[in-house]
1. For every other residue with a beta carbon closer than 13 angstrom to the beta carbon of E148, add +1 if it is Lys or Arg and -1 if Asp or Glu, then tell me the sum.
2. How large is the Kirkwood hydrodynamic radius of segment 182-224, in angstrom, based on all distinct alpha carbon pairs?
3. How big is the shadow of the Cα convex hull of segment 29-116, averaged over all directions, in nm²?
4. Just need the Rg to Rh number for segment 175-264, please, alpha carbons only, Kirkwood Rh.
5. Regarding segment 68-137, what are the three Cα extents along the principal axes, ordered largest first, in Å?
6. Students often check this: by mean Cβ neighbours within 10 Å, which of 57-70, 100-113, 119-132 ranks highest, and how do the rest follow?
7. Which of the peptides 135-141, 185-191, 39-45 is most tightly packed, and how do the rest follow, judged by the mean count of other Cβ atoms within 10 Å per residue?
Amino acid sequence: MSSKEGSGGFRKRKHDNFPHGQRKDEKNNVNSSSSLMVSFKSFQLELDTRHDKYERLVKLSRDITIESKRTIFLLHRITSDPNGEEILNESEAKLEAVRQKIKQVAQELIGEDMYQFHRAISPGLQEYVEAVSFQYFIKTRSLISVKEINKQLIFTVEDKEEETNTPSSNPHDKQPCTWSLKVTPVDYLLGVADLTGELMRMCINSVGNGDIDTPFELSQFLRQIYDGFSYIGNTGPYEVSKKLYTLKQSLAKVENACYTLKVRGSEIPKHMLADVFSTKAEMIDREEGLS
């Protein structure tokens with residue numbers, strides 16, 4: 001047994017040789033006004049401020065995600081509701097409320113490097129891209145660009161005139177305050193990849209409502225998106241390559257629906273088509289899991 005070990009075979013810690021009262025006295029004798037302590041206190045304040053801002057951004061991102069999902073659920077009703085224009089107007093109002101949340105994010109990031117807080121806001125931005133691109137597809141049957149999305153995320157507010165004893169200045173000299181938040185290319189691609197799952201659900205819902213043309217239109221659109229993601233392949237970010245498998249599954253389900261409509265559409269009653277496609281989709285999922 002070495003000299004550093006006690007009778008029980010445990011190693012002694014270095015500070016065990018010092019009485020507890022002596023360590024406490026040394027702690028009290030620390031000069032709180034020294035330059036070293038002042039520096040560490042400033043570091044503590046900076047880190048606490050950054051952590052608090054990060055938590056606020058996480059909460060805002062969660063609110064953006066929830067409201068964007070509600071917008072997507074609302075847009076899915078357009079396949080069964082005859083008053084589609086009213087649903088689009090309601091979805092636009094919901095997306096405008098989401099943009100106000102994004103405006104708060106932009107205000108939090110004034111003077112900050114966005115990429116230091118990107119992990120906190122990325123899930124919300126991806127869900128927003130999914131919602132706004134879904135609405136854009138329903139309106140135009142095309143894919144919204146990242147440039148168009150970022151154009152909607154520029155917020156301008158005029159400063160209120162400050163009350164001073166001096167005569168009021170010319171109102172034309174007021175400079176508006178502008179906040180903006182740019183969706184990164186990665187967030188845009190991940191949002192578009194999630195959009196394919198919503199388009200697959202839209203395909204199944206439209207068939208269940210007797211719409212035979214929409215699945216073929218969606219199949220062609222999803223094929224174009226899949227071809228675009230295939231060009232990226234494994235050379236892009238890791239998150240994008242992971243979404244490629246889910247995208248391929250959504251495309252396979254839509255193409256299977258089109259195949260069933262083309263080959264057996266006249267044999268199956270329209271009110272049973274959705275059930276047939278749901279069963280085939282489950283079979284595809286099982287086959288993918290075994291392969």
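1. +4
2. It works out to 11.3 Å.
3. If I average the Cα hull's projected area over directions, I get 7.9 nm².
4. Numbers: Rg = 16.4 Å, Rh = 14.4 Å.
Result for segment 175-264 is an Rg/Rh of 1.14.
5. Projected onto its principal axes, the Cα set of segment 68-137 covers 47, 17, 16 Å.
6. Details: 57-70: 18.4, 100-113: 15.5, 119-132: 23.1.
So the order, starting with the most tightly packed, is 119-132, 57-70, 100-113.
7. Values: 135-141: 15.6, 185-191: 20.3, 39-45: 10.3.
Final packing ranking: 185-191, 135-141, 39-45.
A short reminder: the numbers here are calculations on the coordinates, not readings from a lab. Please read all numbers here as calculations on a predicted model, not as lab measurements. In this analysis, Cβ positions are derived from the backbone assuming ideal geometry, glycine residues included, and neighbour counts consider all displayed protein chains.
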